[in-house]
1. Report whether or not A:Leu207 is more than 22 Å from A:Val32 (Cβ to Cβ) and touching a residue at least 40 places away in the same chain (Cβ under 8 Å).
2. Counting only residues that are more than 30 Å from A:Asn84 (Cβ to Cβ), give me the strands (runs of 3 or more DSSP E) lying completely in segment A:105-181 with at least 3 of them.
3. Any residue that is within 20 Å of the chain's Cα centre (by Cα), without any contact (Cβ under 8 Å) to a residue 60 or more places away in the chain and more than 29 Å from A:Leu52 (Cα to Cα) - is there at least one of those in segment A:124-142?
4. Output the residues belonging to segment A:191-209 that are more than 14 Å from chain B (Cβ to nearest Cβ) and in a helix (DSSP H, G or I).
5. Among the residues of segment A:132-171 satisfying the criterion of being aromatic (Phe, Trp, Tyr) and open to solvent by less than 20 Å² (accessible area, probe 1.4 Å), which is farthest from the other protein chains (Cβ to nearest Cβ)?
6. Please determine whether any residue of segment B:137-146 is farther than 16 Å from A:Asp113 by Cβ and either open to solvent by 60 Å² or more (accessible area, probe 1.4 Å) or among the aliphatic types (A, V, I, L, M) (or both).
7. Could you list, in sequence order, all residues of segment B:123-166 that are within 11 Å of another protein chain (Cβ to nearest Cβ), in contact with an Asp or Glu (Cβ under 8 Å, 6 or more places away or on another chain) and in contact (Cβ under 8 Å) with a residue 40 or more places away in the chain?
8. Would you be able to tell me the number of residues in segment A:109-122 that are crowded, with 21+ Cβ neighbours inside 10 Å and in contact (Cβ under 8 Å) with a residue 12 or more places away in the chain?
Amino acid sequence: MACTSNILGQSIVVRFQIEFQNQALSLQKNYVVGADTINIEKLKFYVSNIALYQNDQLVKPINKAFHLVDLEDSTSLGLDSKINTGLVFNQIKFTLGIDSVTQVSGALGGDLDPTKGMYWTWQSGYINFKLEGTASNCPSRNHHFQYHLGGYQYPFACWQDIVLIVPSAKTICIKLPIDEFLAFVQPQKNYEIMSPSNKTVEYANYLSTLFSAP
Amino acid sequence: MKGIKTIIVLSALALLAFASATEYPISYPKNFPAPQYNFKNNPLNNASITLGRALFYDPILSKDNSISCASCHSPYNAFAHTDHQISHGINDQIGSRNAPALFNLAWQKSFMWDGAINHIEVQALAPMSHPKEMAETIEHVVEKLKNKGLYKRLFVNAYRDSMITGARLLKALAQFQLSLISGNTKYDQVKNGQNSFTVQEQNGYQLFLKNCNSCHREPLFSTYAFANNGLSVDTTLNDFGKGAISKRSADSLLFKIPSLRNLNYSPPYMHDGRFRTLNQVIKHYISLDSSQVVSENLRQKIKLNANEQIDLIAFLLALNDSSFVSKPDFSFPKFLLPQSEGNKK
């Protein structure tokens with residue numbers, strides 16, 4: 001499904017389009033990838049500080065607060081900026097994950113509430129990006145994979161500032177191909193990331209390159 | 001009849017509590033440094049502390065409603081746990097560390113023996129979700145609390161509306177724990193001129209300043225930094241402390257320096273509870289030699305003769321705060337919760 005524009009409203013909308021094999025990703029659906037069958041059960045990540053820029057000059061901030069994109073909740077995929085169209089911009093910038101100042105600020109509410117399942121418990125810190133599912137070739141128990149990417153302390157800090165070139169359109173579509181992420185991490189070999197580490201940083205760096213605005 | 005009476009008493013209390021949703025004045029000795037916790041942005045208030053106190057003593061925070069925070073952190077033990085070296089949780093499963101005493105938490109930068117927790121407000125997530133401690137999830141606890149009239153009332157009192165969220169629950173638990181201030185030991189009384197040391201205690205104080213104060217710094221009796229005090233690794237536990245969290249070899253075998261207040265109430269000692277008496281602790285420190293890997297402040301041999309050991313212990317006993325362990329405001333809130341098995345544990 002293409003990234004549809006918000007027909008009713010007059011404001012600029014940012015939409016996250018999560019894809020698998022060039023189609024909108026569905027949870028609990030079997031995807032055949034070579035000899036592997038992949039099923040995604042959970043996908044959630046934090047974005048914040050979304051703002052529009054023109055040649056690196058700030059045009060308009062859209063959303064400063066932390067927003068949890070959760071594939072299970074389709075309304076979370078879109079962000080209505082409440083800003084009227086007609087602005088001239090050619091870039092969108094946002095932060096993927098939670099910065100170190102927020103990470104040490106205690107118990108926070110809203111999308112950051114620890115009931116959202118994005119907080120590590122035995123060691124403090126938010127999970128920036130969570131992907132869980134099964135892959136038939138994954139040697140773990142029940143073929144399950146879990147990638148919980150997060151970490152804010154040197155050398156495992158892994159929140160990312162992302163800049164994308166976009167047209168000055170009413171709907172800003174941001175694509176994230178999950179099949180490409182899995183092709184990189186290889187669930188048949190690496191199926192569990194549950195704490196900050198070198199691998200976590202490597203995966204998060206790669207993940208940040210996968211966002212694009214077509 | 002009895003039921004009606006309770007309802008009247010409870011609603012009267014709720015009104016009282018509402019009336020007292022006022023700022024709670026924290027007080028501590030003048031010679032304490034500034035707290036780490038930002039009280040300016042998060043002032044303590046009576047209603048939140050009452051809510052936090054109910055949560056702290058309520059086994060509803062565990063999966064089978066059998067274990068409360070107080071099961072492992074008893075007020076009589078300065079909020080430590082003394083029966084076992086290593087604390088017991090749900091189904092009597094054994095964890096891997098000794099439950100520390102809880103007081104003066106507002107002065108700590110990080111929590112747990114290895115510093116894994118970076119803020120008091122998020123600490124409770126660890127025991128709540130630990131499979132061997134309370135085996136719950138905060139999502140489920142929030143659901144359980146929403147079904148309890150008591151908590152609807154207490155949340156309204158604390159937050160002006162009955163919305164129960166994870167953040168609110170955690171902040172209230174933190175508020176109660178931040179109110180646990182121990183600053184009325186004989187040492188504190190001597191410092192503010194209300195009491196005086198015996199000759200033995202005074203001598204012990206000098207020995208303490210010479211040998212222990214660099215890590216267990218007065219007046220909190222800890223710098224709350226991390227150090228290696230030369231304990232050999234227990235190979236049944238293989239606990240490497242901070243190193244396992246930071247994944248830095250320099251942090252291997254570093255543990256948080258505990259305060260030496262209230263030791264009388266909180267044996268056994270050390271992260272794995274290996275020592276039952278202060279005598280054993282002192283023997284450990286004087287037996288350290290150059291073959292042991294220790295932090296810098298312990299590299300010089302500690303020499304204490306038999307009398308000096310007794311004097312040092314006499315000083316350590318002047319760090320017990322009996323008013324802290326018997327303070328009614330900190331105890332089980334009988335006016336809110338029924339006495340149940342979990343609470344008595």
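1. Yes: the conditions hold for A:Leu207.
2. A:127-135, A:144-150
3. No, there is no match, as no residue in segment A:124-142 is within 20 Å of the chain's Cα centre (by Cα), without any contact (Cβ under 8 Å) to a residue 60 or more places away in the chain and more than 29 Å from A:Leu52 (Cα to Cα).
4. Of everything in segment A:191-209, those that are more than 14 Å from chain B (Cβ to nearest Cβ) and in a helix (DSSP H, G or I) turn out to be A:Glu202, A:Tyr203, A:Ala204, A:Asn205, A:Tyr206, A:Leu207, A:Ser208, A:Thr209.
5. A:Phe145
6. No; the residues of segment B:137-146 include none that is farther than 16 Å from A:Asp113 by Cβ and either open to solvent by 60 Å² or more (accessible area, probe 1.4 Å) or among the aliphatic types (A, V, I, L, M) (or both).
7. B:Pro127, B:Met128
8. 3
The values are calculated or read from the model by the stated rules, or taken from the named source; none is laboratory data. Keep in mind that this is a model prediction, so the values were computed, not measured. Cβ: placed from backbone, ideal geometry, glycine included. Neighbour counts: every protein chain shown. Accessible surface areas use protein heavy atoms only, side chains included; no ligands, DNA or RNA. Shrake-Rupley method; radii C 1.70, N 1.55, O 1.52, S 1.80 Å.
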